[in-house]
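Asker: I'd like to ask you about the structure that follows.
The values are calculated or read from the model by the stated rules, or taken from the named source; none is laboratory data. Here the structure is a predicted model, which is why all the values come from computation and not from measurement. Here Cβ is always computed from backbone atoms with ideal geometry, including for glycine, and neighbour counts include all displayed protein chains.
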Amino acid sequence: MKHTIPGSARVSCTSGEPHACYRRWREVLAATEALLVVDFNLDRYWLEAAAPLPLTAIYYVSGETLAVAVTDQALVAGDLPPREQYLQWVALHRLASVAPSDPLGLAPEYIAKPWGREIWYTGVERRGVCGFASGGACTPIPWLQAALPGAVAGVPGEALVLLKILDPLPHPVLGDLYFELHERKQEVYVVTHINSDAWPDGIGYIRQGFDPRVVARYQSQEQFRADYLGAVLAYESLRRELDILADGGGTPDSAQIAREKLLRERMDSFTCMHPVRVGDVVRVPPLVPHALQHGVRAVEFQTPTYERKIVSFAQKVVTQDHWDSREAVAKMQLTPPAQAPHRVIPGSAGVRAEQIVDFPDFEVQRMTIGAGRSCSTGAGESYALLMVVTGVLELAGARYGAEQALLLPRRWRGVLAAPEAAAPLVLLLARPRAL
């Protein structure tokens, strides 16, 4: 990258792997205040066959304090002290400036879906790349991961535990998610809202697994799978006819509408609908088909791998040109394992902590902190992800409201507090199992 940095500027310049360059520079640094610029190439692992991206890491040191920013723009330096030069670059290029020891804000990405939308906080893939936010600016997560020393925000080149919100439309069928399963990925949903127009009694649903009464009618699982697959394939055939018709600007006639409803209800009659209320936790293990239903909003943590098999969907699938019904039905688990009770973690008065999921890849705790109360916690040997569900969080002099999320850096320890005279604070805290 072609920077304009005169010899008189008080900036050290180099190129190479950012962590190594920063470490060597600090080992010989004599000044109490200094500025380092490192050019490097980032492997865009989330894009197939993409060329490396030229970037520049900027390190500002003042005593024991470190601030880091990353840009894809050429830098122009003047005859300014290190601090003023760093702040000028940050403001001019709208860069997130972060300290490795401080919590990092997560900027959401809104991803449209046929059934509504997803709100990503840590997603990094071809459909969208989330960022770390600071001072009204945002920098993509992989950029800062590559520059921050000590893997404080996760290992560079590796995805974070995926945190997102599922926000389906409130309309029946139109707002129902794919009925799908995963072979390796594990998920947990925490229900945060039930649309009152969709579910006036406050009870929503998730389609998960199969109706045990229907399964019991069959002499073998093989016969059940064969009949269910037949119902799915019959619906898929009509679904494709309707999708082709819609793509051509046509509309179905009354006979097609009636047949679609009949085949869809026949297919769905094999499955099981589980009621959910606000605050409920649903664990989704591998090989269990599932589909959150319309009007049920949920926070989701999941293994950061994109793999799924679509069993069925009552709309046109836009992310792939096929269903995976045959392969999925052969592998699927008919009955979800029982939802284990939450383990209550001993804590201080006015604070309730529950471990709501304990997967091999990550764990999630739900913490409820009474008004005016606080608790001390830490990120552990990796990072932690924190999302406010309800209430207000006071942390390190800042306040965060519902659906705001943070990354707590590796080995971070601090105090989470709920303000006085406020509603109880409910938050979710996820930690990966290992770096």
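Asker: Among all residue pairs at least 6 apart or on different chains, which show Cβ distances below 8 Å where the first residue, located in the range 202-224, is in the same structural domain as His294 (by TED's automatic domain parsing) and without any contact (Cβ under 8 Å) to a residue 40 or more places away in the chain and the second is surrounded by 10 or more Cβ atoms within 10 Å (Cβ to Cβ) and charged (D, E, K, R)?
Answerer: Here the result reads Tyr218/Asp227, each pair linking the range 202-224 to a residue that is surrounded by 10 or more Cβ atoms within 10 Å (Cβ to Cβ) and charged (D, E, K, R).
Asker: From the list Ala379, Ala398, Ala371, Ala421, which residue is at pLDDT below 95 and surrounded by 20 or more Cβ atoms within 10 Å (Cβ to Cβ)?
Answerer: Ala379
Asker: Then there is this: Restricting attention to the range 312-336, report how many residues are assigned to a helix (DSSP H, G or I) and touching a residue at least 60 places away in the same chain (Cβ under 8 Å).
Answerer: 6
Asker: Can you tell me which residue among Ala69, Ala112 is without any contact (Cβ under 8 Å) to a residue 24 or more places away in the chain and either touching a helix residue (DSSP H, G or I) at 6+ places or on another chain (Cβ under 8 Å) or surrounded by fewer than 16 Cβ atoms within 10 Å (Cβ to Cβ) (or both)?
Answerer: Ala112
Asker: Kindly indicate whether Ala291 is part of a strand (DSSP E or B), under 21 Å from Asp211 (Cβ atoms) and either in contact with a strand residue (DSSP E or B) (Cβ under 6 Å, 6 or more places away or on another chain) or not assigned by TED's automatic domain parsing to the domain that holds Thr122 (or both).
Answerer: Yes: the conditions hold for Ala291.
Asker: Does Leu393 count as crowded, with 19+ Cβ neighbours inside 10 Å and either within 30 Å of Phe313 (Cα to Cα) or in contact (Cβ under 8 Å) with a residue 40 or more places away in the chain (or both)?
Answerer: Spelling it out, it is not the case that Leu393 is crowded, with 19+ Cβ neighbours inside 10 Å and either within 30 Å of Phe313 (Cα to Cα) or in contact (Cβ under 8 Å) with a residue 40 or more places away in the chain (or both).
Asker: Related question: Mind listing just one residue for me: the one in the range 256-287 that is of a type in the set (S, T, N, Q) and surrounded by fewer than 18 Cβ atoms within 10 Å (Cβ to Cβ) and, of those, nearest to Asp361 (Cα to Cα)?
Answerer: Here the answer is Ser269.
Asker: Mind telling me which of the residues Val76, Val38 ends up being under 21 Å from Ala146 (Cα atoms), β-branched (Val, Ile, Thr) and either in contact with a strand residue (DSSP E or B) (Cβ under 8 Å, 6 or more places away or on another chain) or surrounded by 14 or more Cβ atoms within 10 Å (Cβ to Cβ) (or both)?
Answerer: Val38
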